[in-house]
Amino acid sequence: MKQESKESALKAFQIESDSILATRDCMDMESFSRAVDALAAAPRIAATGCGHSGIACRHFAHSMCCINRPARFLSPAEAIHGASGFLQKGDVLVWASRGGKTDELFKILEICRTKESLIIGVTENLSSPLAERSDILIPMKVTVETDKYNSQGTSSFVALSAVFDALQTAVLEETNYRNEEFALNHPGGAVGKRLNHQ
């Protein structure tokens with residue numbers, strides 16, 4: 001490995017750490033609290049985004065299911081071809097986009113608005129069209145992406161994932177979720193063996 005490659009790799013850890021801390025420091029706790037309350041009470045939760053944001057949304061939906069909050073990832077492509085039927089009045093849609101201008105998400109927001117589903121947005125661009133159409137807006141902050149061209153969705157993915165993990169952690173507390181419930185939901189793997197054979 002070249003020396004430049006080694007230095008870039010080590011620097012990536014610091015860059016991503018800085019973005020997580022910057023996101024924590026810019027957090028609007030009033031909006032965050034409203035989002036937690038909504039997620040804790042929602043009959044169903046959908047999460048949607050494109051690219052790296054979409055991958056983080058898949059993880060978030062899975063995390064919600066782990067703590068007994070029925071959730072699914074809503075593919076932007078499938079959402080406008082019938083999958084939006086998953087969401088009904090009173091449900092919650094979480095969308096994520098660093099720039100808040102992802103064209104594929106606009107139609108989904110229109111559907112949710114018509115259905116009276118609550119919309120939680122996570123973005124760095126608080127004046128973006130998607131941000132303005134959210135009922136609850138959660139900020140994130142990205143100092144810089146880790147690649148030398150500042151183009152790959154690296155730090156932005158990590159910062160978004162940290163926001164989602166913080167939401168899951170808070171919802172777990174709000175709903176008085178017990179580890180025994182996780183043992184039932186997650187009997188597989190090393191975690192399942194540990195939880196079910198204590």
Item to check | Three-way shape call for segment 125-165 based on the alpha-carbon gyration tensor, with the a/c threshold at 1.5 | outcome: oblate
Item to check | Surface share of carbon and sulfur [accessible, 1.4 angstrom probe, percent] for the chain | outcome: 53 percent
Item to check | Vicinal HN-Hα couplings computed from phi for segment 33-38 (Karplus, 6.51 cos²θ - 1.76 cosθ + 1.60; Hz; Gly/Pro x) | outcome: 5, 5, 5, 4, 4, 5
Next on the checklist: Counting heavy atoms of the protein chains only and a 1.4 Å probe, report the per residue accessible area for segment 18-76 as a whole number of Å².
Outcome noted: 44 Å²
Next on the checklist: Within 10 Å of each candidate Cβ there may be at most 16 other Cβ atoms; applying that plus a DSSP loop requirement, which trypsin sites (Lys or Arg not before Pro) in segment 35-99 survive?
Outcome noted: 89
Checklist entry - Using alpha-carbon positions, what is the distance between the centroids of segment 62-106 and segment 149-174, in Å? => result 16 Å
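The values are calculated or read from the model by the stated rules, or taken from the named source; none is laboratory data. For clarity, every value in this text was computed on a predicted model and none was experimentally measured. Cβ coordinates were reconstructed from backbone atoms using ideal geometry, including for glycine residues, and neighbour counts include every protein chain displayed. Ligands, DNA and RNA are excluded from the accessible area calculation, which covers all protein heavy atoms including side chains. Shrake-Rupley method; radii C 1.70, N 1.55, O 1.52, S 1.80 Å.
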